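The values are calculated or read from the model by the stated rules, or taken from the named source; none is laboratory data. If you're wondering where the values come from, they're calculated on a predicted model, not measured in any experiment. Please note: Cβ atoms are built from the backbone with ideal geometry, for glycine as well, and neighbour counts cover all protein chains shown.
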Amino acid sequence: MLLVGMAQAQQSDIEPLAIDAAIEQTAPIVPQLTHFMGREIAQTMHFTGAPWLVRESRQREEDCRLLLDALAIQPGQTVCDMGCGNGFYTLELAKLVGPRGLVYAVDVQPQMLGFLARRAAEEHLTNIRLVLGTPNDPRLPKGQIDVVLCVDVYHEFADPETMLAKMRESLSVGGRLVLAEFRGEDPTVPIKPLHKMTKAQVRAELGPAGFECNQEFDRLPWQHLLFFGVRSEP
Ligand SMILES: C[S@@+](CC[C@H](N)C(=O)[O-])C[C@H]1O[C@@H](n2cnc3c(N)ncnc32)[C@H](O)[C@@H]1O
């Protein structure tokens with residue numbers, strides 16, 4: 001497994017990882033936004049909360065298997081689990097793309113990537129590339145990703161406009177950006193309002209960034225699942 005950009009991380013108790021020394025370790029300039037297009041930006045979920053992401057009840061509450069089915073991932077594809085956390089979805093994506101495919105797992109917290117590395121090693125998955133992103137640069141290759149998946153992460157982006165531009169650049173021809181966000185319109189979804197989004201808000205933010213929604217999947221218990229392609233210029 002290759003780790004990009006984690007020169008200073010504590011790696012002593014995880015498997016040996018190759019480091020791409022070419023990545024600059026300069027601190028990114030991130031605008032200190034509290035709001036974006038009228039929406040309050042949520043705090044990043046801290047890595048100490050990682051056990052919640054792999055809680056036993058998650059399948060029942062969020063129907064994660066249905067979410068994965070809806071993605072229709074094909075063997076051999078290159079996909080990105082953006083804001084991968086401790087890899088709940090990364091490991092499943094790695095199995096779906098198979099040995100000829102590749103999963104870029106991006107997070108801004110090296111601790112999350114450490115947890116993921118350990119879990120991937122336990123499952124002998126070698127088609128995962130760990131990437132330590134910055135709040136405004138996911139450090140993805142350009143034009144190569146078939147699906148960028150953001151599960152419960154977009155609302156945390158500190159610099160959504162730049163992240164959208166970078167994710168757009170990373171997509172292959174016909175590639176798609178997929179957002180899963182807790183439904184902001186639905187008071188029965190037991191998640192704090194700051195961590196939910198409405199469909200209208202998602203569309204309002206992604207449209208000006210050059211994305212158009214070309215599929216909606218409405219059968220998840222708590223989340224919207226919205227598929228976006230890159231809008232062809234007029
Ligand atoms: C609520 S967790 C979701 C984790 C995972 N997607 C899941 O569903 O299990 C959000 C994750 O997004 C990460 N994150 C926040 N902003 C990010 C950014 N700009 N680039 C990459 N990851 C980011 C956080 O560090 C955190 O691990």
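Summary table below
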{"read-out": "Pick from the range 222-234, criterion surrounded by 13 or more Cβ atoms within 10 Å (Cβ to Cβ) and out of contact with any Leu (no Cβ under 7 Å at 6 or more places or on another chain), ranking: modelled with the lowest pLDDT", "value": "Arg231"}
{"read-out": "Any hit, the range 39-52, residues being modelled with pLDDT of 95 or more, touching a Lys or Arg at 6+ places or on another chain (Cβ under 9 Å), surrounded by 17 or more Cβ atoms within 10 Å (Cβ to Cβ) and over 22 Å from Glu123 (Cα atoms)", "value": "yes"}
{"read-out": "Single match in Gly76, Gly101, Gly83, Gly114 (criterion: surrounded by fewer than 17 Cβ atoms within 10 Å (Cβ to Cβ) and either more than 21 Å from Ser57 (Cβ to Cβ) or not charged (D, E, K, R) (or both))", "value": "Gly76"}
{"read-out": "Odd one out for Val148, checked against (1) in contact with a helix residue (DSSP H, G or I) (Cβ under 7 Å, 6 or more places away or on another chain); (2) assigned to a loop (DSSP other than H, G, I, E, B)", "value": "(2)"}
{"read-out": "Per-region count, the range 28-60, residues more than 14 Å from Val153 (Cα to Cα) and in a loop (DSSP other than H, G, I, E, B)", "value": "13"}
{"read-out": "Residue in the range 200-209 that is closer than 17 Å to Leu67 by Cα, free of Cβ contacts under 8 Å to residues at least 40 places away in the same chain and outside any loop (DSSP other than H, G, I, E, B) present", "value": "no"}
{"read-out": "Qualifying positions in the range 151-192 - buried (at least 21 other Cβ atoms within 10 Å of the Cβ), within 14 Å of the chain's Cα centre (by Cα), outside any strand (DSSP E or B) and more than 14 Å from the ligand (Cβ to nearest atom)", "value": "none"}
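Here is a yes/no grid of residues against (1) more than 20 Å from Gly38 (Cα to Cα); (2) acidic (Asp, Glu):
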{"site": "Gly175", "(1), (2)": "yes, no"}
{"site": "Arg183", "(1), (2)": "no, no"}
{"site": "Asp186", "(1), (2)": "no, yes"}
{"site": "Lys196", "(1), (2)": "no, no"}
{"site": "Arg203", "(1), (2)": "no, no"}
{"site": "Pro208", "(1), (2)": "no, no"}
{"site": "Leu225", "(1), (2)": "yes, no"}
{"site": "Glu233", "(1), (2)": "yes, yes"}
